[in-house]
Protein chains: 2
Amino acid sequence: MGQQDFIAVDWGTTNRRAYRIREGQVIDSMQDALGVTAVPSGGFEQEVARLRACLGDAPMLLAGMIGSNRGWMDAGYVATPATLAQISAAMVAPMDGVHIVPGVSHVAQGRGDVMRGEEVQLLGAICANLAPSDALLCQPGTHCKWAWMTDGAIARFVTAMTGEMFALLKQHALIGQEMTGEISAGDAFADGVRDGARGDLLASLFGVRPASLLGLRARADAAAYVSGLLIGADCAAYATGQRVHLLADAALGALYASAILQLGGQAVRIDSRAAFIAGATRLWENLT
Amino acid sequence: MGQQDFIAVDWGTTNRRAYRIREGQVIDSMQDALGVTAVPSGGFEQEVARLRACLGDAPMLLAGMIGSNRGWMDAGYVATPATLAQISAAMVAPMDGVHIVPGVSHVAQGRGDVMRGEEVQLLGAICANLAPSDALLCQPGTHCKWAWMTDGAIARFVTAMTGEMFALLKQHALIGQEMTGEISAGDAFADGVRDGARGDLLASLFGVRPASLLGLRARADAAAYVSGLLIGADCAAYATGQRVHLLADAALGALYASAILQLGGQAVRIDSRAAFIAGATRLWENLT
């Protein structure tokens, strides 16, 4: 007898992606810009009805910022080391037939970190044998997650504001006016990775304008160089000489893979959508 | 017979400070917000007349962004190692009786840096025996300069966007909303210095919000912690175990001195106004 269909939603701050899943396979999906900040307080039951009108009636599993204090209901955090069974057991139900996945917190030596939504991909990557059960996984983006998995559990993790910093610099810093060129994993990006690994990021960033002034770098290369600096600083802290399983889109995945390779590591690209579906399915199976 | 009076102007992007100097002593001074960006193209001769109306007729020595391509006349750069005599010889005169000090450039291993205005303080600190002729000097601020002096010359230097980064984060980053507290060299600042020296700045910055969420740090301490992170990252790159001569105002000088001490270095505070006056006077003596 087959498992009942369910709908898994990756419901973030500014976007949501919903999948109707039958026996581990996506049979229908949708995505839109109705992230949690776009839904008025008290409007989530109606949003659930709308998603069901689109994908068909079924119980739902919601992951991401929907479970934060800015979302529908605060689902709290499971502390590291966090297993799939623990996360499944800690889900909360804001209404019948709707379950929200908790986040994961990590505290060590007085420093803390949190994730909310990424845990489904991380655990799913292991479930689907996309990565071994002891591995370093990386999810690049606005807030880049580095997660060390042990025996299939999220043992520890750290978040770097890599993507947010790039956007901040481009939009608001004095060097932002130079950061208009295309970004690819070419020579300027590689120079950035090399300098980003030096450990003097604040000086390397300042150096962007003098490099143009003094004719040391073409202005069109500034954006790629800064991208390399930030990704290089990020990867140098965690990936040097390591095997890293990357959960990223094509463009960002190519940049991170290039930086990791340059720093003497190995990058293994993983399908992040497949990881999410596998993680959601296993969480659902645990629940039912 | 005494040297003729002259007027030294530290003419920056947003401010200017002018001093009438007689035999190395300031006999009158003024400052206002008429930085180079506030003066319309073609308006500098009139501004010179205004300064003379205020401080009395005298020849003038202008330093800072006034000598950039956004100022009155591009005075170029003297390459490191830059001596006082070389800088004096490279001054340009946009009109009779007015001399503009060139900047200094440093290029090494493909990386470049520039300064414009700071060189007068640096060389003046040595002239006035405020620092030995072989020393590491630091000028904290929006763009913090670290300069290594050798035989009284500016041998090499590097600039970090420390102050600009703090302002960017406070005004535009997600953690900015937490950065509202007072900043002093207390425990939160010291924690920041310690973490800033770890070499994972992008992660430490992200950690500000989780630390509040998880109750690991009082929200009122976030600004001091971030200040410590940035100043700590800055000082860890250059000041660890070093004797650093600081040219800074009281508030920033206290923070840098505390960070340098924490990182095993020694901080010697120098009067930056006295250094500027001494540097301007010696440049003027060389010229006349």
(message) Just to be sure I understand the curve: with the Debye formula and one point per C-alpha of the protein assembly as shown, what is log10 I(q)/I(0) at q = 0.08 Å⁻¹?
(response) -0.63
(request) Can you tell me the 0 to 90 degree angle between the C-alpha axis of helix A:44-55 and the longest principal axis of chain A, rounded to 10? (result) 90
(request) List the residues whose amide H sits under 5 Å from the amide H of B:A248, counting only those 5 or more places along or on another chain, with H placed 1.01 Å from N in the peptide plane. (result) B:I270, B:S272
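Could you give the semi-axes, largest first, of the ellipsoid that matches region B:188-288, computed as the square roots of 5 times the alpha carbon gyration tensor eigenvalues and rounded to whole Å? Numbers along the way, then the final one.
Working: eigenvalues 242, 36, 24 Å².
They are 35, 13, 11 Å, listed largest first.
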(request) List the residues whose amide H sits under 5 Å from the amide H of A:M91, counting only those 5 or more places along or on another chain, with H placed 1.01 Å from N in the peptide plane. (result) none
(message) Cut-off under 19 Å on the C-alpha distance; same-chain residues fewer than 8 positions from A:K145 excluded. Which aspartates and glutamates are left, in chain and number order?
(response) A:D10, A:D113, A:E118, A:E119, A:D134, A:E164, A:D234, A:D249, A:D271, B:D195, B:D200
(request) Rank A:M165, A:M115, A:M60 by mean-square fluctuation in a GNM of chain A with C-alpha springs under 10 angstrom and give only the top-ranked residue. (result) A:M165
(message) Using each residue's phi in region A:274-288, evaluate 6.51 cos²θ - 1.76 cosθ + 1.60 at θ = phi - 60° and report the 3J(HN,Hα) Karplus result to the nearest Hz, with x for Gly and Pro.
(response) 4, 5, 4, 4, 5, x, 4, 5, 5, 4, 5, 4, 5, 7, 9
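Please state the shape class of region B:1-99: rounded when a/c is under 1.5, otherwise prolate if a/b exceeds b/c and oblate if not, all from the C-alpha gyration tensor.
On the way: a/c = 1.68, a/b = 1.04, b/c = 1.62.
Because a/c hits 1.5 or more and a/b fails to exceed b/c, region B:1-99 counts as oblate.
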(request) Mind pulling the angle between the C-alpha long axis of helix B:187-196 and the longest principal axis of chain B? Nearest 10 degrees, somewhere in 0 to 90. (result) 80
(request) Scan region A:71-147 for chymotrypsin sites (Phe, Trp or Tyr not before Pro) in coil per DSSP, keeping those whose Cβ has at most 10 other Cβ atoms within 10 Å, and list them by number. (result) none
(message) Whole-Hz ³J(HN,Hα) for each residue in region B:145-155, computed from phi via Karplus 6.51 cos²θ - 1.76 cosθ + 1.60 with θ = phi - 60°, x for glycine and proline: what do you get?
(response) 9, 10, 10, 9, 9, 10, 6, x, 9, 7, 7
(message) What are the ³J(HN,Hα) couplings of region B:18-32, residue after residue, when phi is run through the Karplus curve with 6.51, -1.76, 1.60 and θ = phi - 60°? Round to Hz, x for glycine and proline.
(response) 10, 10, 8, 10, 10, 6, x, 10, 7, 10, 6, 7, 7, 8, 8
(request) Under a 10 Å cutoff between Cα atoms, tell me which one of A:D200, A:D134, A:D113 has the largest fluctuation in the Gaussian network model of chain A. (result) A:D200
(request) Just tell me the longest site-free run in chain A, where the sites are GluC sites (Glu not before Pro) in a DSSP loop having at most 14 other beta-carbon atoms within 10 Å. (result) A:24-181
(request) Collect residues whose amide H, placed 1.01 Å from N in the peptide plane, falls under 5 Å from the amide H of B:N15; neighbours closer than 5 in sequence don't count. (result) B:G35, B:V36
(request) Given the options B:A257, B:A223, B:A108, state which has the largest fluctuation in a GNM of chain B using a 10 Å cut-off (strictly under) for Cα springs. (result) B:A108
(message) Rounded, prolate or oblate for region B:119-166? Axes are the square roots of the Cα gyration tensor eigenvalues, ordered a ≥ b ≥ c, and the cut-off for rounded is a/c under 1.5.
(response) prolate
(message) Give me the inter-chain shielding for B:100-106: mean count of other chain Cβ atoms within 10 Å, whole number please.
(response) 1
(request) Could you work out the local net charge near A:A33, counting Lys and Arg as +1, Asp and Glu as -1, over the other residues with Cβ closer than 12 Å to its Cβ? (result) +1
(message) Kirkwood hydrodynamic radius, computed over distinct alpha-carbon pairs, for region B:60-159: how many Å, to one decimal?
(response) 13.6
(request) Can you give me the three principal axis dimensions of chain B from its C-alpha atoms, in Å, biggest first? (result) 68, 40, 38
(request) Would you tally the net charge around A:G103, using a Cβ to Cβ cut-off of less than 14 Å, leaving A:G103 out, and scoring K and R as +1, D and E as -1? (result) -1
(request) Taking a cut-off of 21 Å between Cα atoms, list the lysines near B:K170, but don't count ones fewer than 8 places away on the same chain. (result) A:K170
(request) Would you calculate the separation in nanometres between label points at A:S184 and A:S133, each defined as 7 Å from the Cα along the Cα-to-beta-carbon direction? (result) 4.3
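What does the net charge come to around B:V268 if you take all other residues with beta carbon closer than 15 Å to its beta carbon, with K and R at +1 and D and E at -1?
For residues surrounding B:V268, the net value is 0.
Compute the FRET efficiency between B:R50 and B:A220 as 1/(1 + (r/R0)^6), taking r as their Cβ-Cβ distance and R0 = 45 Å, and round to the nearest 0.05. Before the final figure, lay out each step's value.
Numbers: r = 45 Å, r/R0 = 1.00.
Step by step, r from the Cβ atoms, then E = 0.50.
Laboratory data are not the source of any read-out in this text; all were calculated from the coordinates shown. These numbers were taken from a predicted model, which means no experiment stands behind them. Every residue, glycine as well, gets a Cβ built from its backbone with ideal geometry; the counts of neighbours run over all protein chains shown.
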